[in-house]
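The values are calculated or read from the model by the stated rules, or taken from the named source; none is laboratory data. These numbers come from a predicted model, not from an experiment. All Cβ positions, glycine included, derive from the backbone under ideal geometry; neighbour counts span all protein chains shown.
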Amino acid sequence: MGLIAPHAGLMYSGPVAAHAYCLVRGRAFDRVVLVGPSHFVGFEGVSIVADGGFASPFGVASIDAACARALLAASPVIREHPPAHAREHSLEMQLPFVQRLAPGAPIVPLVMGHQTASTATALGDALARVLRGSRTLLVASTDLSHYHEAPAAAALDRVVIDCVSRFDADGLQAALDQEPDHACGGGPTVAVMRAARELGARDAVVLNYADSGDVSGDKSSVVGYLAAALGTFRKM
C-alpha cells in the first residue's frame, strides 16, 4: 500500500530504494501517488501537477488527471504551483523504479512546501478520502539526515527508523518538530503514513538502511537512506 524510498543520486541511494520497489513487481495499481519535499522553492501547502506527464529514460509517465482533480477539490492545502516542480528531483528520482516495476501505471505528483504538522495531517486526510477503495501505491520520497559524521547520522536516523517500524506517524511528527534534520522529506513521510493507516495498512517494515559513505567511502559527511513498506503483512 505504501513505500518509503530515498531520492538521492541513483548510484548512492538506488540500491536502498530497490529494496522497497522490488515489492511492487507483479502487482497491479490504478495509480502511483508520489509525495516528496520541495528542495528549491518555499511555499505553503502542497503543489500538484494536475495533467500532462513526467519524462524519464523509460518514457513519459502520464498523470492521473481525474485523481489529481479530486485531490485539488479535497483540501485547500493542495494547489497548483508550477515553480515547485521546475527543478525538483524528489519525485523524478522515483520514476525509473515506478516505470520499470509498475509499467503503465499513471502517477500523481505532489510536492510539499513548508513541512508543518498541519500540512502533513491535511494531506494525509485528503489522500485517504480520495483514494479509498482504489488500488493505489503511495510513495513517500525522503532522504534522512544530511552531512553528519556517520555515527551522528546513524543516531539521528535511528529515530526515524524506530518511528517507521512502529508505524507511529505522531511520534515521527513529534521528532521532526524537535529536529527537522531527521529527514528532508519528513512531512511527506508523515502524510503517507497517515493515509496508509486510514486506508487499512496495519504494519510497517523497515527493509534497508544505508548512508552515502557506503558508496563513496567517505564517512565524515554522509546522507542517510531508508527503504520501508506499509501494508498488512502476514506474520512469519
Query raised in the report: Filter region 158-194 for residues that are farther than 18 Å from Gly113 by Cβ and touching a strand residue (DSSP E or B) at 6+ places or on another chain (Cβ under 6 Å); which is surrounded by the most Cβ atoms within 10 Å (Cβ to Cβ)?
Result: Val164
Report task. Considering each of Gln94, Gln99 in turn, give the residue that is touching a Phe, Trp or Tyr at 6+ places or on another chain (Cβ under 6 Å), at pLDDT 95 or above and not in a strand (DSSP E or B). Result -> Gln99
Requested in this report: Scan Pro103, Pro96, Pro109 and give me the residue that is in contact with a strand residue (DSSP E or B) (Cβ under 7 Å, 6 or more places away or on another chain), within 17 Å of Val32 (Cβ to Cβ), surrounded by fewer than 20 Cβ atoms within 10 Å (Cβ to Cβ) and not aliphatic (A, V, I, L, M).
Outcome: Pro96
Report task. For region 117-140, state whether one or more residues are out of contact with any strand residue (DSSP E or B) (no Cβ under 6 Å at 6 or more places or on another chain), under 30 Å from Ser216 (Cα atoms) and not aromatic (Phe, Trp, Tyr). Result -> no
Query raised in the report: Can you name the condition, by its number, that Ala17 falls short on among (1) at pLDDT 95 or above; (2) surrounded by fewer than 18 Cβ atoms within 10 Å (Cβ to Cβ)?
Result: (2)
Report summary line: Of (1) touching a Lys or Arg at 6+ places or on another chain (Cβ under 7 Å); (2) surrounded by 22 or more Cβ atoms within 10 Å (Cβ to Cβ), Pro6 satisfies every one except (1)
Requested in this report: Could you grab me the full set of residues in region 139-157 that are surrounded by fewer than 16 Cβ atoms within 10 Å (Cβ to Cβ) and assigned to a helix (DSSP H, G or I)?
Outcome: Pro151, Ala152, Ala155
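Per-residue answers, yes or no, for (1) in a strand (DSSP E or B); (2) in contact (Cβ under 8 Å) with a residue 12 or more places away in the chain; (3) of a type in the set (Val, Ile, Thr); (4) under 16 Å from Leu138 (Cα atoms):
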| residue | (1), (2), (3), (4) |
| --- | --- |
| His19 | no, yes, no, yes |
| Leu23 | no, yes, no, yes |
| Ala28 | no, yes, no, yes |
| Val33 | yes, yes, yes, yes |
| Gly36 | yes, yes, no, yes |
| His39 | no, yes, no, no |
| Glu44 | no, yes, no, no |
| Ala50 | no, yes, no, no |
